[in-house]
Every structure is written in structure tokens, then in C-alpha cells.
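Enquirer: The structure under discussion is supplied below as C-alpha cells; questions concerning it will follow.
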Amino acid sequence: MRILVVDDFSTMRRIVKNLLADLGFTNTAEAEDGAAAFAILKQGGFDFVVTDWNMPGTTGIELLKMIRADDKLKTLPVLMVTAESKREQIIEAAQAGVNGYIIKPFTAATLKEKLDKIFERLGSAA
Amino acid sequence: MTDPARNAEITAHLRAALAAISHADDASLKAELGAIVQWQEQPLMQGLAKLSQSLGEALGELPAVDAAVGELPDACARLDHVVAMTEQATNRTLDLVEDSQKLMERLLVPGDDHEALLRALRSNLSEMALAQSYQDLTGQIIKKVAGIVRGVHDQLTAMGLPPTGGTARRKDEDPLAGSGPAIAGVDKPATSQSDADDLLSDLGL
């Protein structure tokens, strides 16, 4: 399982990577905005994306839409981890095809719960 | 404009320009035409100078802008410093956490020097506590910046430039544009994780 962590703050990328490592996901890479993330994803080899919403340049919601519009990437699971917490935004993300939505600040337990839920759904869909 | 000296001067330029045309002397023609254009622009330039002078006088009559406004660039530099300090403190803490995780793995190894490992862990914990001292410093800086912003707001109000109500501006704001964390008492109440979960399950997620 190779996971791409996308956030403009290097410290938050590091925190998410640490939490993922604690959960047994040690194969991770980082990108600092949606455009950089999309370029990395296009090279292939990733199974999961954890992304922030609010980033300079290409935002997380734009990245999500780019992934869903791409023939090769469209089934890639995307977990949004963001401080954006307006109802409209959550609905927008859901309609764009997000697989999970975590509001910052969050706990390790929330991250584990959402990941488990996404994998469970993917497992039952497969 | 009716100054005879000026008229003679412009006539001379025009004659010279005609002569330049008949000699196909482009350089001279350009120079003569340039002189004529400059002569024509002079009243405009004088008018502009007058206008800028009266603007300056009018601005001078405005209430003096308080020092607080002058402190704005300074406030930005202070906030940049806060970002740098918090990033540094977070990285320091994460370094210590990662190092401690490695030490804890070694605690599971029988025969390793457990006493030394525990001493190292204890030291990491106090270093982590120390790294949190950034809060005192950044707190002071942020309070100072808040003071500057308040000063600017008061100054604008005193000048009769009350900022348009925040609610009016927020209405136009794109609700989908990223705006960072919602602040209690300032922004609309944030959706909690459990409200978000309910909303998402209503939407079939």
C-alpha cells in the first residue's frame, strides 16, 4: 500500500506520515499542492491519497476532481484531511467523489476509523 | 503661447523640419518634430505639476495617519516570524518523537541497556516540553500584532472610513473557497467531525 500525503505545510505532512506509519502504512510520499500531487500520481504506483483542501496553487478539491476525471486514476481512494468545515464544502467533496472527510484538528483514532471504513467499503465493493 | 520669441522658435523648428524632408534627412526631421512635440506638451506638463501640487496640499489637510498604519509592514514581518518559529518548534518536537519511537523499539530488545534507554527517553521528554516554549514568544508577538491591527482599525474609523460590515463581505464570499479553520465567535460555527460524518452518511458515504 503506497500512500501520497498532500499538504502545503511540511509539518502537517510529517504528522500525517507519522500517524500512518503507526498504523502500519510505512510506504508514503509527499506533495505540497494539488498540481505536484497530480504529477506524482500520473507516474503510477499509488494506492491511496490523503489530501488537505486549502493549498496555494492547486487545491485539494481540484486535485480530487482531476483524479476522478482521469481514466487511469479515477478509482483511487481519496481521504480529505482539512480545516475546511463548511457544510457546502463537505457536500461538494462528497459530490466530487471523496472517500472520507476528516476535519482538522483530528485525532489518531479518527484517522484509523476513517481509513478502516474506506478499506472496508472498498473490500466489500471489490 | 502668443509669446513672439516662442513663435519664432517654433517657426524655426518647422522650417528646419521642411528642410530635413527635402534633404531626406530622417535624423534631423525626427529631432525637429521632437522639439515641436515637446513645445506642445509643455502646458500639459505644467498643468500636471499644478494638479500634483494641489493634490499634495489636499492630502496634507487630511488627518495625519497614525503611526499604527506605518507599523503594518512590521506586523507582517512579525507574523512571518511566528510561522517560522512554530514550524521550527513542531519539527523539533517531531524529531524528538521519532527518536523516542526508535528508543522504545530498543526497549523491547532483551539485553539492551534499558537504563540508558530510559535516561534518553526522559531527556527527550524534557526537550519536548522545552520546545513548547515557542508558545510564550509567539503569543507575545501575536498579541502585539493584534494591537497594531486594532490601532489601524481605530485610525480608519477616526478618518471616517468605517470598514464595510464583515457580514456584507461574507455574503459574496464563495462558500467553496478554502478559508482555513473556522474561529468560534468570528466565523459561522464549524461543522464537527460527527456532524460531518452524519452529513456524509446521508449523502451515501
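Enquirer: Taking each residue in B:198-205, count the Cβ atoms of any other chain within 10 Å of its Cβ, then average. What number comes out? The partial results should precede the final answer.
Expert: Numbers: counts 0, 5, 8, 0, 2, 6, 1, 11.
Mean shielding by partner chains, rounded to a whole number: 4.
Enquirer: Please give the length that would be gained between residue B:112 and residue B:41 if that part of the chain were fully extended, namely 0.36 nm times their separation in residues minus their C-alpha to C-alpha distance (nm, one decimal). Before the final figure, lay out the partial values.
Expert: Numbers: separation 71, 0.36 × 71 = 25.56 nm, distance 8.98 nm.
Extra length from residue B:112 to residue B:41 when fully extended: 16.6 nm.
Enquirer: If the elastic network links every pair of Cα atoms under 10 Å, which of A:74, A:112, A:86 fluctuates the most in the Gaussian network model of chain A?
Expert: Maximum fluctuation in the GNM of chain A, among the listed residues, is at A:86.
Enquirer: Hey, another quick one. Looking at B:191, B:55, B:101, which one has the Cα that reaches farthest to the positive end of the dipole of the protein assembly as shown (charges on Cβ: Lys, Arg +1; Asp, Glu -1)?
Expert: In the protein assembly as shown, that residue is B:191.
Enquirer: What does the average come to when, for each residue of peptide A:79-86, you count the partner chain Cβ atoms lying within 10 Å of its Cβ?
Expert: Values: counts 0, 0, 0, 3, 6, 9, 12, 10.
Mean partner-chain Cβ count within 10 Å for A:79-86: 5.
Enquirer: Still on this structure, I have one more. May I ask you to sort A:98, A:6 by Cβ crowding, counting other Cβ atoms within 10 Å and putting the fewest first?
Expert: Values: A:98 24, A:6 31.
Ordered by Cβ neighbours within 10 Å, fewest first: A:98, A:6.
Enquirer: With springs only between Cα atoms under 10 Å, which of B:47, B:70, B:180 fluctuates most in a Gaussian network model of chain B?
Expert: Maximum fluctuation in the GNM of chain B, among the listed residues, is at B:180.
Enquirer: Mind telling me which of B:156, B:33, B:96 comes out most flexible in a GNM of chain B, alpha-carbon contacts under 10 Å?
Expert: With Cα springs under 10 Å in chain B, the top fluctuation among B:156, B:33, B:96 is at B:33.
Enquirer: On a C-alpha basis, how far is the centre of the stretch B:112-130 from the centre of the stretch B:138-153 in Å? Whole number, if you could?
Expert: About 38 Å separates the Cα centre of the stretch B:112-130 from the one of the stretch B:138-153.
Enquirer: Determine the dipole magnitude for chain A: charges of +1 sit on the beta-carbon of Lys and Arg, -1 on that of Asp and Glu, nothing else is charged, the reference point is the Cα centre, and the result goes in debye to the nearest 20. Present the calculation step by step, with values, prior to reporting the outcome.
Expert: Values: 16 positive and 17 negative charges, 47 e Å.
Dipole about the Cα centre, nearest 20: 220 debye.
Enquirer: Can you compute log10 of I(q)/I(0) for the stretch A:10-126 with the Debye formula, treating each Cα as one identical point scatterer, at q = 0.11, 0.14, 0.15, 0.23 Å⁻¹?
Expert: -0.33, -0.55, -0.64, -1.70
Enquirer: For a test of the definition: using alpha carbon positions, the gyration tensor, and the 1.5 limit on a/c, classify the protein assembly as shown as rounded, prolate or oblate.
Expert: prolate
Enquirer: With a 10 Å Cβ neighbour count serving as the proxy for reagent exposure, in which order, fewest first, do A:2, A:13 appear? Could the numbers behind the result be given before it?
Expert: Working: A:2 13, A:13 20.
Fewest-to-most ranking of A:2, A:13: A:2, A:13.
Enquirer: If you don't mind, there's one more thing I want to ask. Name all residues of the stretch B:36-50 having a backbone nitrogen under 14 Å from the label point set 7 Å from the Cα of residue B:8 along its Cα→Cβ direction, giving them as ranges.
Expert: Nothing falls inside the zone, counting backbone N under 14 Å.
Enquirer: With each pseudo-label sitting 7 Å past Cα toward Cβ, what's the residue B:176-residue B:92 distance in nm, one decimal?
Expert: 4.3
Enquirer: Decide, for the stretch B:69-205, between rounded, prolate and oblate: order the square roots of the alpha carbon gyration tensor eigenvalues as a ≥ b ≥ c, take rounded if a/c falls under 1.5, and otherwise choose prolate if a/b is larger than b/c, else oblate.
Expert: Numbers: a/c = 4.40, a/b = 1.62, b/c = 2.71.
The shape class here is oblate.
Here, each number is a calculation from the coordinates, and none is a lab measurement. A quick note: this is a predicted structure, and the numbers were derived from the prediction, not measured. For neighbour counting, all protein chains shown are included, and Cβ atoms are generated from backbone atoms with ideal geometry for every residue, glycine included.
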